[in-house]
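The values are calculated or read from the model by the stated rules, or taken from the named source; none is laboratory data. Bear in mind the structure is a predicted one, so any value in this text is a computation, not a measurement. So basically every Cβ, Gly included, is an ideal-geometry build from the backbone, and we count neighbours across all protein chains shown.
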Amino acid sequence: MREETPEGEAVRIIGAGSRPDAAEPRLNAVFTVPNVITVVRFLGVPLFVWLILGQHRYGWGVVVLVLIGGTDWVDGYVARRFNQTSKLGRVLDPMADRLAMIVVAVTLLVAGIVPWWYLATLVVPDAVLLAVTLVFFHWHPDLPVSNIGKIRTALILAGTPLLLLAHTVGPTPNTLGVIAWILLLAGIIGHVIAAVNYFRAMVAKHRRQQALGHQADGGARR
């Protein structure tokens, strides 16, 4: 029988280091490595706000945004590679992404870097989805993130630091700024498309739940 080392025991406790096919996903786990990374990633957002609005350190703001975007990839990789997918992570990760995007956009709006319509395009679809979620599901519909949503997030995470960097290197508009806005506009379009698809998926799931409820009520009355 293989002897368990202290290091191996610690790895088992946090659930990391196992092969993807070694165990079932820890669907009900809370303190997983990807979830911790997600929380740490969002903690970088208030640091970004302080750097931009409090210190006007745009260069350091770019560094923080790059780290936020990098850890967004890292937590997903760790969840898949080390079999740490969890129900909380499926909810926490996209919520952290959305909150980060909105807070960063508000910060850039206050700093005079983005126009008001950019923030409105991000906020309005999410506000509608939040209202539908609360009415239909009372919390979270637990739907998987779509590929369009992932691409949307990647485009915005790439375009935002480039836009900030454009204001750091010299007068705008400049080449970096043009590239940044191309990425951001593509991300905004993807954001709207993802919101429409997510809305349809929520409506369809709600209808299925209602149909199952009616069937259960009918069976109980027999």
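What are the residue pairs meeting all of these: first residue in segment 38-59, first residue closer than 20 Å to Leu88 by Cα, second residue exposed (fewer than 14 other Cβ atoms within 10 Å of the Cβ), Cβ atoms under 7 Å, and 6 or more apart or on different chains? Close Cβ pairs (under 7 Å, with a partner that is exposed (fewer than 14 other Cβ atoms within 10 Å of the Cβ)) amount to Phe42/Leu99.
Under the condition of being over 23 Å from Asp72 (Cα atoms) and free of Cβ contacts under 8 Å to residues at least 12 places away in the same chain, which residue from segment 125-148 is nearest to the chain's Cα centre (by Cα)? It would help to see each step written out before you state the result.
In the first step, residues of segment 125-148 are kept if they are over 23 Å from Asp72 (Cα atoms); the result is 128, 131-139.
Cutting the leftovers down to free of Cβ contacts under 8 Å to residues at least 12 places away in the same chain gives us 131, 134-135, 138-139.
Values: Ala131: 19, Leu134: 19, Val135: 22, His138: 20, Trp139: 17 Å.
Only one residue fits best here, namely Trp139.
Return yes or no: is Ala201 over 15 Å from Arg98 (Cβ atoms) and surrounded by 15 or more Cβ atoms within 10 Å (Cβ to Cβ)? Answer is no for this residue. The number of residues in segment 118-145 that are closer than 14 Å to Gly187 by Cβ and aromatic (Phe, Trp, Tyr) comes to 1. The residue that is modelled with the lowest pLDDT, counting only those in segment 79-112 that are farther than 13 Å from Val123 by Cα, β-branched (Val, Ile, Thr) and buried (at least 18 other Cβ atoms within 10 Å of the Cβ), is Thr85.
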